[in-house]
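Taking it in order: structure first as structure tokens, then the write-up.
The values are calculated or read from the model by the stated rules, or taken from the named source; none is laboratory data. Given the structure is predicted, the values throughout are model-derived calculations rather than measurements. Cβ: placed from backbone, ideal geometry, glycine included. Neighbour counts: every protein chain shown.
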Amino acid sequence: MANPSQSFYELYRGTSIGMALADTLDDLISTRRIEPQLAMHIMAQFDKSIANVLGEKVKARLNFKGHLDTYRFCDEVWTFIIKDVNFKMDNSSTERAERVKIVACQSKEKAA
């Protein structure tokens with residue numbers, strides 16, 4: 001079981017669901033329905049929950065092929081920019097994207 005004081009990466013706050021949660025919490029704070037400390041606690045719980053659910057429940061795989069445009073390793077985080085990317089899913093469907101940004105970091109569990 002995870003340590004309750006363990007912090008999680010805030011990577012998923014930039015997703016549509018993370019931004020929607022942040023906007024909702026901002027509205028609740030501005031109307032004085034919740035305190036900012038509670039909003040911070042909710043966001044920390046979101047970080048933990050989304051990381052756990054994606055790690056435990058998502059089993060789909062995909063392959064991708066493209067042209068590596070840029071890569072960077074800073075503060076134990078890899079960032080890759082890939083252009084002209086073709087994705088192939090488990091079910092053999094394919095998708096194409098002009099540009100993809102991948103951010104990868106060591107899981108907190110494995111780093112400890």
* **Segments classed as strands (runs of 3 or more DSSP E), wholly inside segment 25-112, with at least 3 members that are under 19 Å from residue 15 (Cβ atoms)** => 77-89, 94-105
* Asked: Tell me, which residue of segment 87-99 that is under 10 Å from residue 62 (Cα atoms) and at pLDDT 90 or above is nearest to the chain's Cα centre (by Cα)?
  -> 87
* Structure fact -> The condition from (1) exposed (fewer than 11 other Cβ atoms within 10 Å of the Cβ); (2) farther than 26 Å from residue 96 by Cα; (3) small (Gly, Ala, Ser) that residue 49 misses is numbered (1)
